[in-house]
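To keep things clear, I will list the structure first and then write my remarks on it.
The values are calculated or read from the model by the stated rules, or taken from the named source; none is laboratory data. Note that the structure is predicted; figures quoted are calculated from it, not measured. Cβ coordinates were reconstructed from backbone atoms using ideal geometry, including for glycine residues, and neighbour counts include every protein chain displayed. Ligands, DNA and RNA are stripped out before the accessible areas are found, and what is left, the full protein with its side chains, is counted by its heavy atoms. Shrake-Rupley method; radii C 1.70, N 1.55, O 1.52, S 1.80 Å.
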Amino acid sequence: AKARGRDSAVIFNGEMLMQVQHKLTLERDLGMAFDARELTMYLQLQIDQNGSAVGAELLMRWRRPDGTMVRPDLFIPAAESSGLIIPLGQWALIQACEIWLALERSGNLIHLSINVSPLQFRQQNFVDYVRTLLATTGVPPHYLIFEVTEGLFIDDIDQTISRMHDLAKLGIRFSVDDFGTGYSNLTYLAKMPLYELKIDKSFIRNIPNDPTSSAIVHSVVAMAGHLGLQVVAEGVESIEHVHFLAQHDQVIMQGFHFHRPAPLYNVITHLQGLDFA
Ligand code: C2E
Ligand code: CA
Ligand code: CA
Ligand code: CA
């Protein structure tokens, strides 16, 4: 029994070592990929209850030289642990401005939602960076929505709220991403300059059959209404989801049922002949 114990300890350590090596390799590859311009932004359209595209979320993609795509669920955590999320997040903001200008040139005035990592948000010069970028590009700030997760609200809540106000003064709007899955102190939420709540796809997935998810969706929509906030449902995959959400005029929908994340060029082409109604 003793010998087996030692063996399993060795296996355990070996696995841990492999995990560490995998992580380091991923972090190094990601850094090289960023330098080699293998990262790209996809867009996923957001559709209102009239069937009009009113916005798009920017979703990062890593296209390897062999053509394979690495999903952000895999590489964003590596970017965060290595610190690469800072230059990567700055690049994402520049992309957002360039994409907005390209959309404007093609006659499409829609807002763009950008995922902002807590690490990026907490950078000392984040507000200055955003201010300079807006001034340089001339993008009207109210077209940009920063999506933040409830994870941002755990530490340094007062500083977070004050920084959100600084950005809101510039004209930036805020959305609480994956709403309902994390820690949300409703008292703090009321103090934040919020524009939107984004209902997590784990709730949308189970409507209309699961009564709990259905009740949560109705409640979040009602609460958003009372607080004067926009509400977006993410992960809208089926006509059943669409029918359920049609009970609420104000809900904006995002999901594979309407549109899969795609490069800007495809999105512009798509918008020319668009009618989701
Ligand atoms: P998220 O912000 O919650 O983004 C929504 C995810 O749901 C996206 O995954 C999107 O492709 C996926 N999705 C959209 N419609 C549907 C649907 O109908 N059904 C299902 N099952 N999924 C749908 P994606 O693109 O793989 O991104 C994963 C996560 O990576 C994002 O989750 C976000 O947290 C992070 N991420 C993506 N881009 C960025 C970025 O530029 N910066 C940062 N910091 N994080 C990013
Ligand atoms: Ca998001
Ligand atoms: Ca989300
Ligand atoms: Ca998510």
Open to solvent by 10 Å² or more (accessible area, probe 1.4 Å), under 15 Å from A233 (Cα atoms), out of contact with any strand residue (DSSP E or B) (no Cβ under 9 Å at 6 or more places or on another chain) and away from ligand 3 (no atom under 16 Å from the Cβ), is that true of P140? no
Condition met for I161 (modelled with pLDDT of 95 or more, more than 16 Å from ligand 3 (Cβ to nearest atom), over 25 Å from A56 (Cβ atoms) and under 20 Å from the mean Cα position of the chain (by Cα))
yes
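Out of segment 116-129, which residues are surrounded by 14 or more Cβ atoms within 10 Å (Cβ to Cβ), of a type in the set (S, T, N, Q) and away from ligand 2 (no atom under 16 Å from the Cβ)?
The answer is Q123, and nothing else.
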Among (1) open to solvent by less than 20 Å² (accessible area, probe 1.4 Å); (2) under 16 Å from the mean Cα position of the chain (by Cα), I86 falls short only on (1)
Residue hits (segment 179-203; more than 16 Å from ligand 2 (Cβ to nearest atom), surrounded by 14 or more Cβ atoms within 10 Å (Cβ to Cβ) and of a type in the set (V, I, T)) are none
Taking segment 17-48 and keeping residues open to solvent by 90 Å² or more (accessible area, probe 1.4 Å) and either in contact (Cβ under 8 Å) with a residue 12 or more places away in the chain or not acidic (D, E) (or both) leaves L17, M18, Q19, Q21, H22, K23, L24, R28, M32, R37
When segment 123-153 is checked residue by residue, the ones that are under 21 Å from L197 (Cβ atoms) and either in contact (Cβ under 8 Å) with a residue 40 or more places away in the chain or within 16 Å of ligand 1 (Cβ to nearest atom) (or both) are Y143, L144, I145, F146, E147, V148, T149, E150, G151, L152, F153
Note on segment 204-221: residues buried (at least 18 other Cβ atoms within 10 Å of the Cβ) and away from ligand 1 (no atom under 16 Å from the Cβ) are I216, V221
> Yes or no: S106 farther than 23 Å from E234 by Cα and either more than 16 Å from ligand 1 (Cβ to nearest atom) or at pLDDT 95 or above (or both)?
Replying inline: yes
Restricting attention to segment 31-47, the residues that are within 11 Å of ligand 1 (Cβ to nearest atom) and out of contact with any Lys or Arg (no Cβ under 8 Å at 6 or more places or on another chain) number exactly 3
Note to self: Going by what's in this entry, would T132 be described as open to solvent by 30 Å² or more (accessible area, probe 1.4 Å), more than 16 Å from ligand 4 (Cβ to nearest atom), at pLDDT below 95 and hydroxyl-bearing (S, T, Y)?
What the structure shows: no
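Only residues that are free of Cβ contacts under 8 Å to residues at least 60 places away in the same chain, open to solvent by 10 Å² or more (accessible area, probe 1.4 Å) and within 16 Å of ligand 1 (Cβ to nearest atom): list them for segment 155-178, please.
D178, the sole residue that qualifies.
To keep it simple, each residue is scored yes or no on (1) among the hydrophobic types (A, V, I, L, M, F, W, C); (2) surrounded by fewer than 18 Cβ atoms within 10 Å (Cβ to Cβ); (3) assigned to a loop (DSSP other than H, G, I, E, B); (4) in contact with a Lys or Arg (Cβ under 6 Å, 6 or more places away or on another chain).
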{"position": "G55", "(1), (2), (3), (4)": "no, no, no, no"}
{"position": "W62", "(1), (2), (3), (4)": "yes, no, no, no"}
{"position": "D66", "(1), (2), (3), (4)": "no, yes, yes, no"}
{"position": "L74", "(1), (2), (3), (4)": "yes, yes, no, no"}
{"position": "A96", "(1), (2), (3), (4)": "yes, no, no, no"}
{"position": "I114", "(1), (2), (3), (4)": "yes, no, no, no"}
